[in-house]
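**Student:** This is the structure, below, for whatever I ask next.
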Amino acid sequence: MQDALSAEGLDPEAVEMREMKTLREAERERFPGSPTIRIAGADVSPVENDPAGLSCRVYRLRDGRFSPTPDPQDIRDAIRRTTE
Amino acid sequence: MNIGDTAPPFDLPATDGTSQGPGATPTAVIFTCNHCPYALAWHDRLLDVARDYSARGVHVLFVNPNDAESHPRDSFDAMKERVEADGGWPAPYLRDETQEVARDFGAKTTPDVFVLDEDGVLRYRGAPDADHEDPSLRAAWLRDALDAVLEGDAPAQAQTEPVGCSIKWSQ
């Protein structure tokens, strides 16, 4: 995330980390699992109908592999959408 | 459980309606689950191990210990649906509903791999290989451990750090 921000000429420290401690909190924040990365409130890799919860989140990389983190290109694209 | 300890016996229900646990053959007990990205990333490699080593007399057991109340995607019904959707697995998928087996083994993550010899003694514990993102590694650490145990030797690397999602313990 910080690498992507730096690459786009943005402040890599401009990241707010938030811990979801309870299911109620996750539901309130519509948090589908960890990690969830939102830029200006928008998920970098949005999915529909994923229930809120405290589980680990599964991402698909662009080559189809499962991953615990989003594809770096998805993060870069999300940053560009926000800054354009 | 430490390397050299004898594993506690267990008998858990499998998605195919049987009930299974370690026997008198080398056994790989693999704690895993339905929803963890690390478990999913390693899954195909571990199924390949099950296919390759079942033919060599190794008993491979996949065990899901996650609390299904907080993580419904790990329920026994969801496990059955997953195996059915895959057209069957080459090794049984067991439900550790009470989480007692995971606690007895000291499992921490999904996946977390334990290799027992034919006497039920723990010979390897840890990750399947060095990188969940690299399928070409083919669960090499697990394969090396099984090869050693089948030869009656101690694995050159008896322990690695398990990598994955924490087991979801019931509250």
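**Student:** Give the average over all directions of the projected area of the C-alpha convex hull of the protein assembly as shown, one decimal, in nm². Let's see the in-between values first.
**Tutor:** Values: hull surface 59.1 nm².
Reported value for the Cα convex hull: 14.8 nm².
**Student:** From the residues A:S55, A:T82, A:G9, which one has its Cα farthest along the dipole of chain A in the positive direction, the dipole being from +1 and -1 charges on Cβ of Lys/Arg and Asp/Glu about the Cα centre?
**Tutor:** The residue sitting farthest along the positive end of the dipole is A:S55.
**Student:** Taking the Cα centre of region B:31-87 as origin and charging only Cβ (+1 Lys, Arg; -1 Asp, Glu), how large is the dipole, in debye to the nearest 20? Walk me through the numbers on the way to the answer.
**Tutor:** Details: 6 positive and 10 negative charges, 50 e Å.
So the magnitude is around 240 debye.
**Student:** Let me ask something else. So what's the net charge close to B:P162: Lys and Arg +1, Asp and Glu -1, counting the other residues with Cβ under 9 Å from its Cβ? Provide the component values of the computation, followed by the final result.
**Tutor:** Values: positive: B:K108, B:R125; negative: B:D112, B:E161.
So the surrounding residues net to 0.
**Student:** While we're on this one: Cysteines without a disulfide-compatible partner in the protein assembly as shown, using Cβ under 4.7 Å as the rule?
**Tutor:** B:C33
**Student:** On to the next question. Consider all pairwise Cα distances in region B:61-171 and report the whole-number % of them above 16 Å.
**Tutor:** Working: 3889 of 6105 pairs.
Here the tail beyond 16 Å accounts for 64 percent of pairs.
**Student:** Using bins 5 angstrom wide from zero, how does P(r) for region B:43-89 break down, in % of all Cα pairs?
**Tutor:** The distribution over region B:43-89 is 5, 19, 21, 23, 17, 9, 4, 1, given as percents.
**Student:** On average, how much accessible surface per residue is there in region B:132-171, in Å², for a 1.4 Å probe, leaving out ligands, DNA and RNA? If you can, show how the numbers build up before the last one.
**Tutor:** Details: 2260 Å² over 40 residues.
It amounts to 56 Å² per residue over region B:132-171.
**Student:** Now for a separate question. In whole angstrom, how long is each semi-axis of the equivalent ellipsoid of region B:1-125, when you take the square root of 5 times every eigenvalue of its Cα gyration tensor and sort them from largest down? Could you put the intermediate results ahead of the total?
**Tutor:** Numbers: eigenvalues 89, 55, 35 Å².
Working through the eigenvalues yields semi-axes of 21, 17, 13 Å.
**Student:** Follow-up question, since we're still on this one. Sort B:D131, B:D74, A:D63 by accessible area with a 1.4 Å probe, largest first.
**Tutor:** On the way: B:D131 55, B:D74 0, A:D63 100 Å².
Accessible-area ranking of B:D131, B:D74, A:D63, largest first: A:D63, B:D131, B:D74.
**Student:** Now, a different point. Please state the charge dipole magnitude for the protein assembly as shown, taken about the Cα centre, from unit charges on C-beta atoms (+1 on K and R, -1 on D and E), reported in debye and rounded to the nearest 20.
**Tutor:** Details: 27 positive and 47 negative charges, 76 e Å.
The dipole of the protein assembly as shown has a size of about 360 debye.
**Student:** Just the Cα atoms of region B:68-131, one point each, no solvent: what log10 I(q)/I(0) does Debye give at q = 0.28, 0.29 Å⁻¹?
**Tutor:** -1.24, -1.24
**Student:** When the accessible area of each residue in region B:1-45 is compared between its chain alone and the complete protein assembly (1.4 Å probe; ligands, DNA and RNA ignored), which residues differ by at least 50 Å², being lower in the assembly?
**Tutor:** Residues of region B:1-45 that lose at least 50 Å² of accessible area once the other chains are added: B:P37, B:L40.
**Student:** Let me ask something else about it. Could you please state, rounded to a whole Å, how far the C-alpha centre of region A:12-84 is from the C-alpha centre of region B:1-63?
**Tutor:** Measuring centre to centre over Cα atoms gives 32 Å.
**Student:** Something else: How large are Rg and Dmax for chain A when calculated on the C-alpha trace, in angstrom?
**Tutor:** Rg then Dmax for chain A, in Å: 13.1, 36.
**Student:** Give, rounded to the nearest 20 debye, the magnitude of the charge dipole that chain A has about its Cα centre when Lys and Arg contribute +1 at Cβ and Asp and Glu contribute -1 at Cβ. Intermediate results must be reported in sequence, preceding the final value.
**Tutor:** Numbers: 13 positive and 17 negative charges, 58 e Å.
That gives a dipole near 280 debye.
The values are calculated or read from the model by the stated rules, or taken from the named source; none is laboratory data. Predicted model only: the values in this text are computed from it and were never measured. Ideal geometry is used to build each Cβ from the backbone, glycine not excepted, and the neighbour counts take in all protein chains shown. Just the protein is used for accessible areas: all its heavy atoms, side chains included, with ligands, DNA and RNA removed. Shrake-Rupley method; radii C 1.70, N 1.55, O 1.52, S 1.80 Å.
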